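All of the numbers you see were taken from the coordinates with simple rules; none came from a lab. These numbers were taken from a predicted model, which means no experiment stands behind them. Neighbour counts run over all protein chains shown; Cβ positions are idealised from the backbone, glycine included.
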């Protein structure tokens with residue numbers, strides 16, 4: 001019988017529900033249990049594919065091609081499990097399913113109502129994921145914060161599931177305890193109100209994760225216990241940490257894993273073993289020699305604030321690779337717009353050990369990225385291009401090495417005369433019909449590697465599989481023109497003869513991929529291309 005752990009947030013969003021779920025899952029894995037995790041987003045959007053990354057963060061892609069919230073990426077990285085469409089729910093997806101069932105007479109003519117039919121659909125999807133994965137624990141993150149209208153139906157689903165499975169459901173509230181600078185005292189009142197809001201939905205939390213700038217002290221634990229109707233040992237301190245990978249070890253200081261098992265009447269299947277995780281955290285804390293990586297992009301500026309969530313998988317993949325070599329990653333954000341009109345600024349790229357141009361959409365910053373790529377090529381700076389970054393590397397090479405001065409992508413310039421990057425044929429019909437959501441080339445596809453290339457040496461294999469998210473491809477009509485000047489086609493999709501990886505010879509490291517290798521990187525198992533990129537940077 002599976003056990004269900006629901007995690008909801010209080011006071012404000014962005015307090016770490018996703019990494020809390022991932023960390024709890026890691027702890028339960030260490031005790032011998034099989035774990036899977038689900039994210040419920042309260043958006044009407046069917047998936048995350050059409051959301052602005054500055055507002056919503058990165059769109060993560062699963063192996064079966066679902067565009068989902070970045071928290072799914074955290075789950076995969078911590079649990080070292082590949083998740084699927086069953087692990088992601090949105091309000092739009094749930095309502096769409098219920099309406100389709102009603103149209104197909106699956107409700108046998110009865111009146112379909114918001115309650116209980118929407119919560120029942122949520123419950124059926126959670127149980128489907130439990131059955132498919134055969135997991136002992138199903139961890140479910142309810143997006144947003146308690147008290148919001150948007151997630152009430154998901155909380156209702158959790159309440160109804162506990163009603164039918166009273167011994168198998170566990171509720172956790174992640175709540176923030178502010179320490180106002182002018183007062184200097186940690187305040188519990190916001191958490192008290194969050195618990196009351198949760199109580200109003202018919203749910204009493206079994207545990208509170210007390211997020212705060214500093215560790216929770218005994219008086220605050222005692223106060224929360226009294227006013228939130230909860231045993232003191234089930235109030236877990238969750239202070240800010242420098243690395244999210246410290247969180248499972250931090251939770252275990254309060255014996256979180258055993259407390260959950262005690263409440264659910266379970267025993268650990270094996271002795272707690274987080275030794276690999278402890279080694280990882282030790283490297284994170286002790287690595288002092290820096291490797292400096294610059295990321296040239298456009299999805300991190302929001303007013304006066306730098307928002308890195310747009311590229312979170314890229315960031316984590318760089319960290320994994322740096323830690324593998326026992327180096328401290330130092331990542332800088334470089335705006336592509338800065339290089340468009342002032343090429344003298346390109347000299348700043350020499351300060352970095354390596355440069356990454358990640359994925360993206362649209363025309364803004366394109367010429368700045370192309371100039372940055374040209375500078376990396378000429379100055380022998382290690383370069384890694386990802387998706388759009390690969391396409392721009394092809395354009396740069398075509399223009400500046402092959403003499404195709406009008407080379408471009410039809411995404412950037414629909415009527416360009418030398419479209420070295422062009423829309424995939426089957427995508428043209430979709431675009432003409434304005435079918436944008438969930439219609440790109442998504443999910444895992446095979447790639448055959450050319451022998452003797454950097455990529456084949458990195459993977460130590462001739463056939464790999466990687467995740468995609470794009471509409472435009474390398475135009476094979478220009479293949480001969482580019483390869484005759486030295487462009488190396490290091491990886492080809494064998495099914496459609498599509499170029500997946502390009503490289504350059506006589507360069508410390510110049511590799512660009514049409515796919516997104518960052519989605520498959522793990523903290524204790526860095527992705528081969530990121531690992532070799534960082535090694536080249538260290539040289």
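So the values come out like this:
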quantity: Mean residue ellipticity (222 nm) of the chain, computed from DSSP H runs ≥ 4 via -39,500 (n - 2.57), nearest 500; calculated: -11000 deg cm²/dmol
quantity: On Cα atoms only, tilt of 91-103 relative to the major axis of the chain in degrees; calculated: 80
quantity: Over the chain, relative contact order from alpha-carbon pairs under 8 Å, at least 6 apart, %; calculated: 15
quantity: Using alpha-carbon coordinates, inclination of helix 275-286 to the longest axis of the chain, degrees; calculated: 60
quantity: Residue 267-residue 128 pseudo-label distance in nm [points 7 Å out on the Cα-to-Cβ vector]; calculated: 3.7
quantity: Residue order, fewest to most beta carbons within 10 Å, for 175, 23, 432, 462; calculated: 432, 462, 23, 175
quantity: DSSP-defined beta bridges in the range 288-538 - what % are antiparallel, rounded to 5; calculated: 55
quantity: Mean separation of Cα contacts under 8 Å, 6 or more apart, over the residue count of the range 288-538: relative contact order %; calculated: 22
quantity: Modelled FRET efficiency - R0 51 Å, residue 430 with residue 181, Cβ distances, 0.05 increments; calculated: 0.50
quantity: Crossing angle, helix 388-400 versus the chain [Cα axis fit, 0-90 degrees, rounded to tens]; calculated: 10
quantity: Burial ordering of 412, 401, 366, 296, fewest other beta-carbon atoms within 10 Å first; calculated: 401, 412, 366, 296
